[in-house]
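The values are calculated or read from the model by the stated rules, or taken from the named source; none is laboratory data. From a predicted model like this one, the values you see are computed outputs, not experimental measurements. Don't worry about glycine lacking a Cβ; one is built from the backbone with ideal geometry, like all the others, and counts go over all protein chains shown.
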Amino acid sequence: MVEQLFGSKTRVKLLQLFYSNPNRSFYVREITRKIDEQINSVRRELSNLLSIGIITSDNTNNKLYYEVNQKYEFYDPLQIIFGGGVKKTAPKKVAVEGEEQVVDETAANSDLKAVGHIDLAVYTGQFTRDETANVDVFIVGEVNTNALQKYVDQLEKQENKSLRYTVMSLPDFQYRKSIRDRFAVSIIQAKKQVLVDVHNLLEED
C-alpha cells in the first residue's frame with residue numbers, strides 16, 4: 001500500500017532509512033547496502049528526493065553524503081509515517097519507573113536495552129560527520145560491560161566500521177555538565193542522533 005502511494009519500493013526504503021535516522025548522513029554505497037537495492041535504482045530515487053527537497057546532499061572527502069532535510073515543510077508528517085511516529089519537535093515520552101523517558105522508537109527495540117539502565121545514548125562522530133566530541137557512541141547509565149561490548153561489536157559489523165565509544169555514570173555526566181566540562185559541552189553541542197534521553201540531559205542549562 002505504502003509502495004503504491006509513494007511510487008516505488010526503493011523510494012519507500014530510502015524514506016524509512018532517512019526518517020529513522022535524523023541527523024545521520026549516508027553515502028550511496030552505504031545506502032545500497034543498508035536497503036539492499038540496486039545502485040542505479042538508489043541513485044535515481046536519491047535524485048528525485050533531492051529535487052523535491054526531502055533530502056539534502058553534501059560532499060566530504062570526495063564522497064557525496066545524503067541526509068533527511070529537517071527543514072522540509074512536510075518533515076513532521078513524513079516522520080510520523082516513516083520514522084516510527086517520532087516527530088522532530090516532540091519525541092515520544094514513556095513512563096519508566098515513575099519518570100518520563102524520551103525514547104527514539106526507531107532504536108527502542110535494539111539490543112541497547114540489554115546493555116543496562118540507560119539514561120542517555122547518542123550516536124555522533126562518524127554517524128553524523130561531526131567530530132566535535134571525538135566519539136561515535138556515547139552512553140550514560142549503569143551498564144553491563146560485556147553486554148555493551150557485544151552491542152558495540154554488533155553495531156560495528158552493521159555499520160562496517162570501527163567505532164569509538166564512551167560510557168559515563170549519570171552523576172559523573174551531571175557533574176561535568178554543571179561545571180561545563182569540555183567533553184560534556186561537546187556532546188551537548190555536537191550534531192547527533194539521540195536514542196534515549198532521560199531527564200532531558202542534553203538541554204543546556
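From 202, 195, grab the single residue that is in a loop (DSSP other than H, G, I, E, B) and either touching a helix residue (DSSP H, G or I) at 6+ places or on another chain (Cβ under 7 Å) or modelled with pLDDT of 95 or more (or both).
202
One residue is enough: does segment 172-179 have a residue meeting the conditions touching a helix residue (DSSP H, G or I) at 6+ places or on another chain (Cβ under 9 Å) and on the phi > 0 side of the Ramachandran plot?
No, segment 172-179 contains no residue that is touching a helix residue (DSSP H, G or I) at 6+ places or on another chain (Cβ under 9 Å) and on the phi > 0 side of the Ramachandran plot.
Residues that are on the phi < 0 side of the Ramachandran plot, in contact with a strand residue (DSSP E or B) (Cβ under 9 Å, 6 or more places away or on another chain), surrounded by 13 or more Cβ atoms within 10 Å (Cβ to Cβ) and part of a loop (DSSP other than H, G, I, E, B): does segment 145-162 have at least one?
Looking through segment 145-162, none of the residues is on the phi < 0 side of the Ramachandran plot, in contact with a strand residue (DSSP E or B) (Cβ under 9 Å, 6 or more places away or on another chain), surrounded by 13 or more Cβ atoms within 10 Å (Cβ to Cβ) and part of a loop (DSSP other than H, G, I, E, B).
Just for segment 149-158: of the residues that are out of contact with any Leu (no Cβ under 9 Å at 6 or more places or on another chain) and in contact (Cβ under 8 Å) with a residue 24 or more places away in the chain, which one is farthest from residue 124 (Cα to Cα)?
Checking each candidate, the answer is 150.
At least 1 residues that are modelled with pLDDT of 95 or more, in contact with a helix residue (DSSP H, G or I) (Cβ under 9 Å, 6 or more places away or on another chain) and aliphatic (A, V, I, L, M) in each: list the helices (runs of 4 or more DSSP H) lying fully within segment 21-137 that qualify.
Hits in segment 21-137: 28-35, 39-52.
Hey, residue 169 hits all of (1) in contact with a strand residue (DSSP E or B) (Cβ under 8 Å, 6 or more places away or on another chain); (2) within 21 Å of residue 131 (Cα to Cα); (3) without any contact (Cβ under 8 Å) to a residue 40 or more places away in the chain but one; which does it fall short on?
Here residue 169 clears every test but (2).
In segment 163-176, which residues are in a helix (DSSP H, G or I) and surrounded by 15 or more Cβ atoms within 10 Å (Cβ to Cβ)?
170, 173, 174, 176
For segment 8-49, give me each residue that is closer than 21 Å to residue 130 by Cβ and among the polar types (S, T, N, Q).
Of everything in segment 8-49, those that are closer than 21 Å to residue 130 by Cβ and among the polar types (S, T, N, Q) turn out to be 20, 21, 23, 25.
Just checking, how many residues over segment 43-58 are under 18 Å from residue 22 (Cα atoms) and not hydrophobic (A, V, I, L, M, F, W, C)?
4
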